[in-house]
Structures are given as structure tokens and as C-alpha cells.
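The next block holds one structure in the form of C-alpha cells; read it before the comments.
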Amino acid sequence: MSDDRYAPPTAALGDPARERGTGRIEIGEAFREAWAALWANFPLLLGTWFLFAVLGTLATITVVGFFLVLPVLVWGGTRFSLNVIDGNAEVADLFAGFSDYARVLGTMITLGLVIVLLYLAGQSVTILGQVASSAVLTFLGTLVNLAWGLGVMPRLAFVWYYVVDQGLPPVEAVQTSWNATSDQKLTCLLLGVLSGVIPLIGFLCLVVGLIPAVMLVYLIQASAYRQLAGR
């Protein structure tokens, strides 16, 4: 192992267990691998995500681009994050989805709709309570939202990776992510909490720390996915 703590992760590339995936998420290992990859590739990460932010903003401003360009860029950003963990990332990854534009666009829009519907399912009781002006239903809705947010949504954090990395259809990706985390509910919850705490810490570090903190979150998720599914 290299003595340089900022060296890119190399052990996983030749590790048969990591190639196949262990099926278990080790948050400490995901953090270590993501931290090393972050600083070993920081200029590349900074430049690529800056480009993503500029193009994403321009696409959103045009409105049409929000539906026809941004989903494909998100696909490319997911591919880029995985490649950073794998040790072979490049700026061109951001545009990889455009080579199969129609399929990627349709898949990402469908997946986005599926995720929105699943989120709204958790909000359904609250919405019903507000429509009916029922304090009881609104209170029950708050409890449902809490349970949904803690027990359901964190287990779906990997659906984007299953779609991009394995080419799974959106519904199958949701089912696969759900099944893969069936006995790791607490781990997924902790990973979700960590994904919120890290950017907060970065923001408190004179605000500028928010940039590497957000990058770190995406890399942790990508590393955790590799632990689940392998390469």
C-alpha cells in the first residue's frame, strides 16, 4: 500500500472480491476510498463538476434543455463518479450519455418520474390531510413521512448507479437497489445521514469547503455501490 494517504485507490482494482462486489456496505471503507480519490483527482473533479454546473444551469435556463439535456448530463456525471472510484475518469465521461442519446434520455426521465412518484407516496397522507384540513391526518402524515424518509428513500440511493453502470431499466433498478439493501437498512440510513452532515461541515468551513464536501458525498455513494455490485 502506498504511504501517500492522498494516493488514488489501487487495491480494489486487483481485488477479486471487489471486482465481484461483496454485497455489503462498509461505510468506513467507502469514506476512506472516496477521500483518497477526492484528493488524488481534485483538479479533474473540480473542472468537470464546474463544467457540469455551467452546462446544467444553461440547460435549465432554456427550459427545453432541462428536459432534453440535463438528464443526459446527470447520467454522465454518475458515470464520471464511478470512474473516479475505478481510477479511470476523464472529462469526456460527462458527455458519455450523448453517444446513446435516445435510450439514455428516456431512461433518465423515466427514472426521475419513478423516484418522484415514490417520494410523493411518502407524502400522500400529508397531502390528503392538507386537502381535507384534517389535523389528525396531517399528524399521521408527518409520522409516515418520517418513516418513509428514514426507511425507504435511503435504500434507493443506488438506483442511478444500477441504471448507468449495469443498464438496468428504471423499475428493475429500483427493485435491485431495494433487494440489495434489504438487510442493510441501518447502514443505508447512516449513509444518508452522512450525506447530509458532510456538506454541512463543508459549509461551516468558511463556505468554500462545501465544494469538496459535495464531491466527497458522491464519491462515497459510488464507492458504496461498488461494494454492493462490484465492477
Next on the checklist: Being surrounded by fewer than 21 Cβ atoms within 10 Å (Cβ to Cβ), without any contact (Cβ under 8 Å) to a residue 40 or more places away in the chain and in contact with a Leu (Cβ under 7 Å, 6 or more places away or on another chain) narrows it down to one residue among 59, 92; which is it?
Outcome noted: 59
Checklist entry - With respect to the numbered conditions (1) assigned to a loop (DSSP other than H, G, I, E, B); (2) touching a residue at least 12 places away in the same chain (Cβ under 8 Å); (3) not charged (D, E, K, R), which one is the sole condition not fulfilled by residue 168? => result (2)
Next on the checklist: Exactly one of these conditions fails for residue 76: (1) touching a helix residue (DSSP H, G or I) at 6+ places or on another chain (Cβ under 7 Å); (2) within 14 Å of residue 211 (Cα to Cα); (3) not hydrophobic (A, V, I, L, M, F, W, C). Give me its number.
Outcome noted: (2)
Checklist entry - Taking the stretch 62-76 as the search range and keeping residues that are free of Cβ contacts under 8 Å to residues at least 40 places away in the same chain and not hydrophobic (A, V, I, L, M, F, W, C), which one is nearest to residue 159 (Cα to Cα)? => result 76
Checklist outcome for this item: Of those in the stretch 38-56 that are among the aliphatic types (A, V, I, L, M) and surrounded by 13 or more Cβ atoms within 10 Å (Cβ to Cβ), the residue farthest from residue 86 (Cα to Cα) is 55
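If we scan the stretch 168-180, do we find a residue that is loosely packed, with under 13 Cβ neighbours inside 10 Å, at pLDDT 95 or above and either within 27 Å of residue 30 (Cα to Cα) or acidic (Asp, Glu) (or both)? Talk me through it step by step, then tell me what you get.
Pass one, the stretch 168-180, residues loosely packed, with under 13 Cβ neighbours inside 10 Å: 171, 179.
Restricting the remaining residues to those that are at pLDDT 95 or above gives 171, 179.
Right, trim to either within 27 Å of residue 30 (Cα to Cα) or acidic (Asp, Glu) (or both) and you get 171, 179.
Yes - at least one qualifying residue is present in the stretch 168-180.
Within the stretch 110-144, which residues are more than 22 Å from residue 180 (Cα to Cα) and surrounded by 16 or more Cβ atoms within 10 Å (Cβ to Cβ)? Steps first, answer last, please.
Within the stretch 110-144, the subset more than 22 Å from residue 180 (Cα to Cα) is 120, 123-144.
125, 126, 129, 137, 138, 141, 144, listed by residue number.
Please tell me if residue 114 is modelled with pLDDT of 95 or more and either part of a helix (DSSP H, G or I) or touching an Asp or Glu at 6+ places or on another chain (Cβ under 6 Å) (or both).
On the way: modelled with pLDDT of 95 or more: yes; either part of a helix (DSSP H, G or I) or touching an Asp or Glu at 6+ places or on another chain (Cβ under 6 Å) (or both): yes.
Yes; evaluated as a whole, the condition is true for this residue.
The values are calculated or read from the model by the stated rules, or taken from the named source; none is laboratory data. Because the structure is a prediction, the values reported are computed rather than measured. We place every Cβ from the backbone using ideal geometry, glycine too, and count neighbours over all the protein chains shown.
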